[in-house]
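Student: There's a structure below that I have some questions on.
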Amino acid sequence: MSDQQRLTVVPARYPARTVGAIVALFILASVIDSVAFNPRWEWGVFAKWFFDPVILSGLGQTLLLTLFGTLLSLIFGGLLALARLSSSWLLSTLAFGYIWLFRSLPLIVVLIILYNFSYLYDTLSLGIPFTALSWGHFQTINVLGQFPAAVIGLTLVQSAYSAEIIRGGFLGVDHGQFEAASALGLSSSRRTFRIILPQALRAIIPTTFNEIISLAKGTSMVYVLAMPELFYTIQMIYNRTQQVIPLLMVGAAWYLIITTVLSLLQHSVERWLARSVTREPQPSRWRQWRNRSAKPATEELSHVRSH
């Protein structure tokens, strides 16, 4: 084929996309300029308090609440999900009732009730309901402090959402996998944890990490217990100094860091799980960009070599 007859490939052009990108960059630059160079944001105050030991202590409490709330809610939520999927109508009904109740109650209500538990019940006893038989009792005064009440409240509410996420992941696995595992004579526990769960994790992980991120931000609700976590600590400081905006920006920056770390962890876990489908981890976004950038150069080099 002669040079005159060779077809010229013209790359597609998207003028509307280019205009949209320019407008978006202009808006972003305007926002950055208005925030960075406005003295009323008081960035000096922000820098002063960002690494203050009091703030870091509150941050530690927030991270502990997130960690314990996540672990306990996943364990309890997994049990609830198995109960919902059980062939026993009693277990399924009880699990459904629990999920319905705690998905309906606001977290702040649960926290306040738990914190006032000793007011509602003077004693706790072990015995047979609706009878006077009892094998011991103890006073409930100071049974639940701030931290235990916060962890239990977060777990009770979050486990209801975790249960539905896990149940949805199990239901997303093809029913033939259940039948094949049963045909092999695997026990119920091995069938669940060795065959079904690994496949369900690909659907469970993204939504679970979204809930963990929401939980990390939801720990700010425990301020009603006067617990010195990050948000309550910031409230106490700006009530004393009246520097509201810069201190709120300190809290926002730390929450942004927490959610960013969790998002990166989610991306790593998803890539690791993708090995079961692609036989190799999916390339990172940086690697994908480099591959796209190198592709035109490679094609041009091969074209030159052909001549």
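Student: Springs between alpha-carbon pairs under 10 angstrom, Gaussian network model over the chain: which of TRP43, TRP135, TRP100 fluctuates most?
Tutor: Ranking TRP43, TRP135, TRP100 by mean-square fluctuation puts TRP135 first.
Student: Next up: Kindly express, to the nearest 10 degrees and within the range 0 to 90, the angle between helix 230-241's C-alpha long axis and the longest C-alpha principal axis of the chain.
Tutor: 90 degrees
Student: I'd like the orientation of helix 15-36 relative to the chain: the angle between its Cα long axis and the longest Cα principal axis, in ° from 0 to 90, rounded to 10.
Tutor: Here the helix axis deviates by roughly 50 degrees.
Student: Under 10 Å, Cα contacts only: if you run a Gaussian network model on the chain, which one of LEU230, LEU56, LEU74 comes out with the highest mean-square fluctuation?
Tutor: Checking each option, the largest mean-square fluctuation is seen for LEU56.
Student: Taking the square root of 5 times each eigenvalue of the Cα gyration tensor, what semi-axes in Å does the equivalent ellipsoid of segment 17-84 have, largest first? Show your work: numbers first, answer last.
Tutor: Numbers: eigenvalues 320, 140, 8 Å².
Computed over segment 17-84, the values are 40, 26, 6 Å.
Student: Taking Cα centroids, how far is segment 75-102 from segment 194-250 in Å?
Tutor: 26 Å
Student: Using helices alone, I'd like the mean residue ellipticity at 222 nm for the chain: each DSSP H run of four-plus residues gives -39500 (n - 2.57), total over residue count, nearest 500.
Tutor: Result for the chain: -23500 deg cm²/dmol, rounded to the nearest 500.
Student: Using a probe radius of 1.4 Å on heavy atoms only, what accessible surface per residue do you get for the chain? Whole Å² is fine.
Tutor: 67 Å²
Student: Highest first, please rank the peptides 13-19, 254-260 by the mean number of other Cβ atoms sitting within 10 Å of their residues.
Tutor: Highest-to-lowest ranking by the protection proxy: 254-260, 13-19.
Student: Also, I was wondering about something else. With contacts defined as alpha carbon pairs under 8 Å and 6 or more residues apart, what's the relative contact order of the chain in percent?
Tutor: On the way: 263 pairs, mean separation 70.9, N = 307.
The value is 23 percent.
Student: For Cα pairs less than 8 Å apart in space and 6+ apart in sequence, what is the mean separation divided by the residue count of segment 124-242, i.e. the relative contact order in percent?
Tutor: Reported relative contact order: 23 percent.
Student: Here's a follow-up. Hey, what does the equivalent ellipsoid look like for the chain, semi-axes from the Cα gyration tensor as sqrt of 5 times each eigenvalue, largest first, whole Å? Before the final figure, lay out each step's value.
Tutor: Values: eigenvalues 460, 257, 41 Å².
Equivalent-ellipsoid dimensions as semi-axes: 48, 36, 14 Å.
Student: Right, another one. Would you kindly find the accessible area of HIS137, with a 1.4 Å probe and non-protein molecules such as ligands, DNA and RNA excluded, rounding to the nearest 10 Å²?
Tutor: HIS137 has an accessible surface of roughly 130 Å² with all protein chains in place.
Student: Taking the simple approach of a point 7 Å from Cα along Cα-to-Cβ for both TRP43 and SER86, what is their distance in nm?
Tutor: 5.8 nm
Student: Of the options THR207, LEU7, VAL54, report the single residue whose Cα projects farthest towards the positive end of the charge dipole of the chain (beta-carbon charges: Lys, Arg +1; Asp, Glu -1).
Tutor: Among THR207, LEU7, VAL54, the one farthest towards the positive end of the dipole of the chain is LEU7.
Student: Extending each Cα 7 Å along its Cβ direction at LEU28 and ARG202, get the distance between those two points in nm, one decimal.
Tutor: 3.2 nm
Student: Same structure again: Tell me the angle of helix 244-273 to the major Cα principal axis of the chain, expressed in degrees between 0 and 90 and rounded to the nearest ten.
Tutor: The helix 244-273 is inclined about 70 degrees to the chain.
Student: Could you order PHE138, PHE102 by accessible surface area, starting with the largest, using a probe radius of 1.4 Å?
Tutor: Heavy-atom accessible area, descending, gives PHE138, PHE102.
The values are calculated or read from the model by the stated rules, or taken from the named source; none is laboratory data. Worth saying up front: this structure is predicted, and the values here are computed from it rather than measured. No Cβ is skipped: glycine too gets one built from the backbone with ideal geometry, and neighbour counts run over all protein chains shown. Heavy atoms of the whole protein, side chains included, go into the accessibility calculation; ligands, DNA and RNA do not. Shrake-Rupley method; radii C 1.70, N 1.55, O 1.52, S 1.80 Å.
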